[in-house]
Amino acid sequence: MASIGNIVKISGPLVVAEGMRDANMFDVVRVSEKRLIGEIIEMHGDRASIQVYEETAGLGTGEAVESTGEPMSAELGPGLIGSIYDGIQRPLDDIRKVCGNNLARGVEVPSLKRDKKWRFTPAVKVGDEVIGGDIIGTVPETDIVLHKVMVPNGVKGKIKSIKEGEYTVADTVCVLETEKGERELTMMQKWGVRSGRPYNKKLSPEMPLVTGQRVVDCLFPIAKGGVAAIPGPFGSGKTVTQHQLAKWAEADIIVYIGCGERGNEMTDVLNEFPELIDPKTGKSLMERTVLIANTSDMPVAAREASVYTGITIAEYYRDMGYSVALMADSTSRWAEALREMSGRLEEMPGDEGYPAYLGSRLAQFYERAGRVISTGKDGREGALSVIGAVSPPGGDISEPVSQATLRIVKVFWGLDSNLAYQRHFPAINWLTSYSLYADSLADWYNNNVSKDWMKSRARFMSILHDEAELKEIVKLIGMDALSAGDRLKMETARSIREDFLHQLAFHEIDTYTSLKKQLYMMKLILAFNDEAEAAVSKGADIELVSELPVRERIGRFKYVPENETDAEFEKVSVEISAQLNELLGKEED
């Protein structure tokens, strides 16, 4: 039964209503005649504190507040892919049809289109026993995503009737005989966004999420079902890095949440993604993407809803057995919304005014990632990887949101404004970043790419760290004071930075590098280092060694198309030996 109360206090997005004794925590409410959407976040007797997800200007005390009696839920079913939602899962294209370009308040439109018909093909037959999570049929949602219609969690029974045909998401496609009587199933189900969807078993992170970005795959890999954070100051490339991961990561489905970012950044996504061609299928990237747009000029409180709605949709596709990558850009904006609501609730502030529960809220969000065995009898394996951008003011990662995030995530891709100013992109600082998955992924890389992968990675990391120490010496006493071996190490480190780690997101070939090509690039740089070391020890001049023409070919290897890498690798390998031997011959003469 709906509970109806009256507003007694309004403070920005916070509304306090009396007479809500029958309401529950996290119930969705409709505020005033404008029917603004809100959610109860605190109860004291019959007084409910409500977080309103729309602009509250013009509300007055005494106006009615009606509880729906249900928690904030996402509608899950065919039609999610390719959609663009606001923070509370209202489709922006449908809102525009109702109220034009200016977003009106209190607009009620269903999240999934009720008039569109989908082709349903049964996967079970009459008489079959099914449990929650079992697939009862499939729908071709887009050309590249086959939507699997599942029995809602907690439901089990025997199929009484099911038939193929074209249905809307609200039509009954199957009737189950359960212990509590007949249950009609539609292609759509609802799920409360604040609670994670159940699974049978969580698996350990043993496979990498291959991204085609060299600094990520080689130095700081993320596991399938892993969590990563990208903190960095304004202009250091967080958004472009997330776009690259969305385009190229080995994921079947992408959920992109624009949480409190500027409107032009979301516009870039909306303009770019439909035009981007998915490399695996040749179709538009939007055919496997769900976008949630909650820009900085939208109500602050809705940022929290956008994050939970996004991860609920991502879990739904994970349960179908897909690999899903979720991008949240940026969790700092969500934390700012928490800080504002906490202040209006007059709670005791924590560090820098953020609520004391900031860390636990972030942890609840990130822990919903993972590689799992889904519910259902067939033991489908799905993965949900979460990559959250953090926007610390001035790039200072000692602030509370960055620190709380770092305690939770296993991969830290620290963006550096100095690298960005030098036009080194992606500007991930190799001295401060880390991946705690690297050791657990070693076996996969050794078995599926090459036995040399982890050895080469370790050498790369060692050379880059040695370079940082040598740079300090050079600052004090100059380059000439270094030994020939140390100068060669500096040259190799420069090659790693400029030829390997630097990657052009907007170059048609360099934007993505396969693991095989990455291995070839590592081998060429290290082969030149080893052979040059031998030549220098035999008396070759380090200046002449570093100016050899083959250095240019190693540098340009990243622009070689994937189908030509084998031949080019052989040629450059031969040339390294030939040119160094020729140089030694001249030196001896």
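Would you call ILE473 hydrophobic (A, V, I, L, M, F, W, C), at pLDDT 95 or above and either surrounded by fewer than 13 Cβ atoms within 10 Å (Cβ to Cβ) or not in a loop (DSSP other than H, G, I, E, B) (or both)?
no
Just a yes or no: is a residue in the range 189-202 in contact (Cβ under 8 Å) with a residue 40 or more places away in the chain, aromatic (Phe, Trp, Tyr), more than 18 Å from PRO426 (Cβ to Cβ) and open to solvent by 20 Å² or more (accessible area, probe 1.4 Å)?
yes
Is there a residue being touching a Leu at 6+ places or on another chain (Cβ under 9 Å) and modelled with pLDDT of 90 or more anywhere in the range 271-287?
no
Criterion first (over 17 Å from ILE88 (Cβ atoms) and over 37 Å from the mean Cα position of the chain (by Cα)) does MET20 satisfy it?
Answer is yes for this residue.
Could you count how many residues in the range 343-366 are surrounded by fewer than 19 Cβ atoms within 10 Å (Cβ to Cβ), touching a strand residue (DSSP E or B) at 6+ places or on another chain (Cβ under 8 Å) and not in a helix (DSSP H, G or I)?
Matching residues across the range 343-366 total 4.
Condition check: assigned to a strand (DSSP E or B), open to solvent by less than 20 Å² (accessible area, probe 1.4 Å) and either of a type outside the set (D, E, K, R) or out of contact with any Leu (no Cβ under 6 Å at 6 or more places or on another chain) (or both). Does VAL16 satisfy that?
Working: assigned to a strand (DSSP E or B): yes; open to solvent by less than 20 Å² (accessible area, probe 1.4 Å): yes; either of a type outside the set (D, E, K, R) or out of contact with any Leu (no Cβ under 6 Å at 6 or more places or on another chain) (or both): yes.
Against the criterion (assigned to a strand (DSSP E or B), open to solvent by less than 20 Å² (accessible area, probe 1.4 Å) and either of a type outside the set (D, E, K, R) or out of contact with any Leu (no Cβ under 6 Å at 6 or more places or on another chain) (or both)), VAL16 qualifies.
Tally the residues that are part of a loop (DSSP other than H, G, I, E, B), of a type outside the set (A, V, I, L, M) and crowded, with 21+ Cβ neighbours inside 10 Å, restricting the search to the range 142-172.
Total meeting the criteria: 0.
Just the residues that are in contact (Cβ under 8 Å) with a residue 60 or more places away in the chain and open to solvent by 60 Å² or more (accessible area, probe 1.4 Å), please, taken from the range 416-443.
PHE425, TYR434, ASP443
I need the full set of residues from the range 19-55 which are assigned to a loop (DSSP other than H, G, I, E, B), crowded, with 20+ Cβ neighbours inside 10 Å and among the hydrophobic types (A, V, I, L, M, F, W, C), in order please.
Listed by number, the residues that qualify are MET20, ALA23.
Can you confirm whether GLU568 is open to solvent by 40 Å² or more (accessible area, probe 1.4 Å) and at negative phi?
So GLU568 does not fit the description; no.
Go through the residues of the range 96-107 one by one and say whether even a single one is free of Cβ contacts under 8 Å to residues at least 24 places away in the same chain, on the phi > 0 side of the Ramachandran plot, over 25 Å from the mean Cα position of the chain (by Cα) and not in a strand (DSSP E or B).
yes
For the range 259-314, give me each residue that is among the small types (Gly, Ala, Ser), touching a strand residue (DSSP E or B) at 6+ places or on another chain (Cβ under 6 Å) and either farther than 26 Å from THR142 by Cα or surrounded by fewer than 23 Cβ atoms within 10 Å (Cβ to Cβ) (or both).
Hits for the range 259-314 are ALA293, ALA301, ALA302.
So LEU185 ticks every box in (1) buried (at least 22 other Cβ atoms within 10 Å of the Cβ); (2) within 28 Å of the chain's Cα centre (by Cα) but one. Which box is left unticked?
Checking LEU185 against (1) buried (at least 22 other Cβ atoms within 10 Å of the Cβ); (2) within 28 Å of the chain's Cα centre (by Cα), the one that fails is (2).
The values are calculated or read from the model by the stated rules, or taken from the named source; none is laboratory data. Keep in mind the model is a prediction, meaning the values are calculated, not measured. Every residue, glycine as well, gets a Cβ built from its backbone with ideal geometry; the counts of neighbours run over all protein chains shown. In case anyone asks, the SASA skips ligands and DNA or RNA and just uses the protein heavy atoms, side chains included. Shrake-Rupley method; radii C 1.70, N 1.55, O 1.52, S 1.80 Å.
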